[in-house]
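Student: Here you go, one structure.
The values are calculated or read from the model by the stated rules, or taken from the named source; none is laboratory data. Since the model is a prediction, treat every value here as computed from it, not as a measurement. Here the Cβ positions follow ideal geometry from the backbone for every residue, glycine too, while neighbour counts run over all protein chains shown.
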Amino acid sequence: MSTSVSLRTRSVRERAIEPGSGAGTKTRMLLSALDQPASYVPIDVSMEQLAHNADALRAEYPGLEVQPVHGDYTRTLVMPATRAPFERTLVFFPGSTIGNFEPSEARRFLARFGELAGPAALLLLGADSNGEGESLLRAYDDSQGVTAAFNLNVLAHLNRDHDAAFDLDTFDHRATWDPVRSRIEMQLVSHRRQTVLVGGEPVELERGEPIVTEHCYKHRPEVLENLLATSGWKVRRVFPDPRGRMRLWLAERTERT
Ligand SMILES: C[S@@+](CC[C@H](N)C(=O)[O-])C[C@H]1O[C@@H](n2cnc3c(N)ncnc32)[C@H](O)[C@@H]1O
């Protein structure tokens, strides 16, 4: 995101909410672009990330009320009461995660943002609309194996936290591009026929059988605009990157029927 993007349309005290705030790298850009940030609500499932990020932001922005919410943003969450009065809420969701939801889920999810933020809300959404299969496959199956390690981490996570016994060496990372659905599909392919215990239950896998781990939709701009419109958001401005692959969408909440 370019730091030249300014959201200072008029002087309004904002509460910013960031679902999946992570390390908060982009948060600083947002807070600098806002005219009068009153409070900031990072939401994350990772307590460690959340606490670390909140402490750092409190030190960097002494006047800002930072109110971390530990929870799953796909579920109903209650926003904390703020000390600082604010006139409008801005929901910040920059990381293109919207492409990881099936389109109907994405619509419900975007609508929930509106409910979370209340009336007169704004949404700043980042989305990847690169539809060039070859360049996407170079990213999702990179020569350094970064995405492969990210994908295999799904099995490591299941082993660690869900009593599974996957042997990571017996799986290969695979990424395919589906131009019709405009999505990357990530898979882990079993090298051999095997039975894996997951939470005490046997899971049978044939040799060459894929486990689908992730879909990453690269919605064309008109598809994304429609997703926004049908979930209660009207596009106010679009900020494309110079190559027109990534876009930041600034939308305002409309009255929902
Ligand atoms: C890839 S990071 C994105 C960080 C940041 N928003 C950005 O765009 O740079 C994703 C973050 O979302 C969090 N996360 C993933 N799924 C979540 C969920 N369902 N509810 C809350 N947090 C979630 C992860 O813990 C992680 O910190």
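Student: Does D44 satisfy being free of Cβ contacts under 8 Å to residues at least 40 places away in the same chain, among the acidic types (D, E) and touching a helix residue (DSSP H, G or I) at 6+ places or on another chain (Cβ under 7 Å)?
Tutor: For D44, the condition - free of Cβ contacts under 8 Å to residues at least 40 places away in the same chain, among the acidic types (D, E) and touching a helix residue (DSSP H, G or I) at 6+ places or on another chain (Cβ under 7 Å) - is met.
Student: Tell me, which residue of region 71-89 that is more than 12 Å from the ligand (Cβ to nearest atom), within 24 Å of the chain's Cα centre (by Cα) and surrounded by 12 or more Cβ atoms within 10 Å (Cβ to Cβ) is farthest from I43 (Cα to Cα)?
Tutor: Among those residues, the one meeting the criterion is R88.
Student: Of all residues in region 22-45 being among the hydroxyl-bearing types (S, T, Y), in contact with a strand residue (DSSP E or B) (Cβ under 8 Å, 6 or more places away or on another chain) and away from the ligand (no atom under 12 Å from the Cβ), which is nearest to F93 (Cα to Cα)?
Tutor: Y40
Student: Still on this structure, please answer the following. Among the residues of region 182-228, how many are among the charged types (D, E, K, R) and in a loop (DSSP other than H, G, I, E, B)?
Tutor: Here the count works out to 7.
Student: Whether any residue in region 88-111 is among the β-branched types (V, I, T), closer than 30 Å to R15 by Cα and out of contact with any Phe, Trp or Tyr (no Cβ under 8 Å at 6 or more places or on another chain) is what I want to check.
Tutor: Yes - at least one qualifying residue is present in region 88-111.
Student: If you don't mind, there's one more thing I want to ask. Which of the residues that make up region 13-28 are in contact with a helix residue (DSSP H, G or I) (Cβ under 8 Å, 6 or more places away or on another chain) and either part of a strand (DSSP E or B) or not assigned by TED's automatic domain parsing to the domain that holds D72 (or both)?
Tutor: A16, I17, E18, P19
Student: Does A175 fit the bill of being touching a helix residue (DSSP H, G or I) at 6+ places or on another chain (Cβ under 8 Å) and surrounded by 19 or more Cβ atoms within 10 Å (Cβ to Cβ)?
Tutor: yes
Student: Could you check how many residues of region 178-203 are surrounded by fewer than 17 Cβ atoms within 10 Å (Cβ to Cβ), farther than 30 Å from P221 by Cα and among the hydrophobic types (A, V, I, L, M, F, W, C)?
Tutor: Here the count works out to 4.
Here's the yes/no breakdown for (1) in the same structural domain as E185 (by TED's automatic domain parsing); (2) modelled with pLDDT under 95:
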position: V78; (1), (2): no, yes
position: T82; (1), (2): no, yes
position: G99; (1), (2): no, no
position: G118; (1), (2): no, yes
position: D172; (1), (2): yes, no
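Student: Name the single residue, out of those in region 1-15 being touching a Leu at 6+ places or on another chain (Cβ under 8 Å) and under 19 Å from V238 (Cα atoms), that is modelled with the lowest pLDDT.
Tutor: Top of the filtered list is M1.
Student: Can you work out which of the residues in region 145-165 that are aliphatic (A, V, I, L, M) and touching a helix residue (DSSP H, G or I) at 6+ places or on another chain (Cβ under 8 Å) is surrounded by the most Cβ atoms within 10 Å (Cβ to Cβ)?
Tutor: L155
Student: Okay, moving on. Please verify whether V45 is at pLDDT 90 or above and either touching a Leu at 6+ places or on another chain (Cβ under 7 Å) or on the phi > 0 side of the Ramachandran plot (or both), treating the condition exactly as stated.
Tutor: So V45 fails the test.
Student: Of the residues that sit in region 113-144 and are within 20 Å of V189 (Cα to Cα) and in contact (Cβ under 8 Å) with a residue 12 or more places away in the chain, which one is surrounded by the most Cβ atoms within 10 Å (Cβ to Cβ)?
Tutor: Looking at residues that are within 20 Å of V189 (Cα to Cα) and in contact (Cβ under 8 Å) with a residue 12 or more places away in the chain, I get Y140.
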